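First up is the structure itself, then whatever we jot down about it.
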Amino acid sequence: ELKVEQNPLFLSMQEGKNYTIYCNYSTTSDRLYWYRQDPGKSLESLFVLLSNGAVKQEGRLMASLDTKARLSTLHITAAVHDLSATYFCAVRASGNQFYFGTGTSLTVIP
Amino acid sequence: EPEVTQTPSHQVTQMGQEVILRCVPISNHLYFYWYRQILGQKVEFLVSFYNNEISEKSEIFDDQFSVERPDGSNFTLKIRSTKLEDSAMYFCASVSGFSGNTIYFGEGSWLTVV
């Protein structure tokens, strides 16, 4: 089974600061996803990264993918309270299966 | 925006009872999934379904679980004899095809076993 690990698991940051969440996975994959989840809610798709070196940005979030290192990052720029949520990465394995990371619980403090 | 719908949104059941969770995937999608998320934990893969059969299942998906797509639209997850540790949010998801880039998730079904 493909292993997907995120760090940190918990992140508390002040508004206006920058930080990066890391997602490592154990075997080759051709696509990586980032999701946001608010408490008690479903998973909201943020980014789909399809190739080595892919970078996507939406607002204060930017995701990148290094398939050789099996690493994706989610960078938060000038955090605001509305970004408080849990962020998951997910990786596609063979047979069109998708495995999720451990999640990063982000709290942005005013 | 197409969507995956799930029912019920919340169900409370007694230990040992059977539960059926229902999902209506997006109509032209080919791959269907059930995931489980215990409160505060990660999203865990249970089972995938393609071409009217299970394509892969995890260790969690033991003999008490089953899935079927009885009428070509609904995709159901049955838990035969619920245990306390089955309490979780269950998410249904679908993907259009092997090249599909987006996984569409339903809103989830909260199952509480008492």
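The values are calculated or read from the model by the stated rules, or taken from the named source; none is laboratory data. Predicted model, so just to flag it, every value in this text is computed and none were measured. Virtual Cβ from ideal backbone geometry, glycine too; neighbours counted across all protein chains shown. The area values use the complete protein model at the heavy-atom level, side chains included, leaving out ligands, DNA and RNA. Shrake-Rupley method; radii C 1.70, N 1.55, O 1.52, S 1.80 Å.
Couple of notes before you dig in:
- Considering segment B:35-58, and only residues there that are β-branched (V, I, T) and part of a loop (DSSP other than H, G, I, E, B), the residue that is farthest from A:Q6 (Cα to Cα) turns out to be B:I38.
- For segment B:30-37, the criterion of a residue being of a type in the set (K, R) and crowded, with 19+ Cβ neighbours inside 10 Å is satisfied by at least one position.
- Flag for B:R22 being among the basic types (K, R) and open to solvent by 90 Å² or more (accessible area, probe 1.4 Å): yes
- Residue check, A:F47 aromatic (F, W, Y) and either without any contact (Cβ under 8 Å) to a residue 60 or more places away in the chain or farther than 21 Å from B:A93 by Cβ (or both): yes
- Pick from segment B:12-32, criterion farther than 13 Å from B:T112 by Cα and part of a loop (DSSP other than H, G, I, E, B), ranking: nearest to the chain's Cα centre (by Cα): B:P25
- Filtering segment B:42-54 to residues that are open to solvent by 60 Å² or more (accessible area, probe 1.4 Å) and in contact with a helix residue (DSSP H, G or I) (Cβ under 9 Å, 6 or more places away or on another chain) leaves only B:Y50.
- Segment B:59-114, residues that are surrounded by 21 or more Cβ atoms within 10 Å (Cβ to Cβ) and either more than 14 Å from chain A (Cβ to nearest Cβ) or in a loop (DSSP other than H, G, I, E, B) (or both): B:V67, B:F75, B:L77, B:T82, B:I103, B:G106, B:G108
- Looking only at segment A:34-50, and only at residues there that are of a type outside the set (A, V, I, L, M, F, W, C) and part of a strand (DSSP E or B), the one that is surrounded by the most Cβ atoms within 10 Å (Cβ to Cβ): A:Y35
- Extreme residue, farthest from A:G40 (Cα to Cα), among residues of segment A:65-89 that are in a loop (DSSP other than H, G, I, E, B) and open to solvent by 40 Å² or more (accessible area, probe 1.4 Å): A:K68
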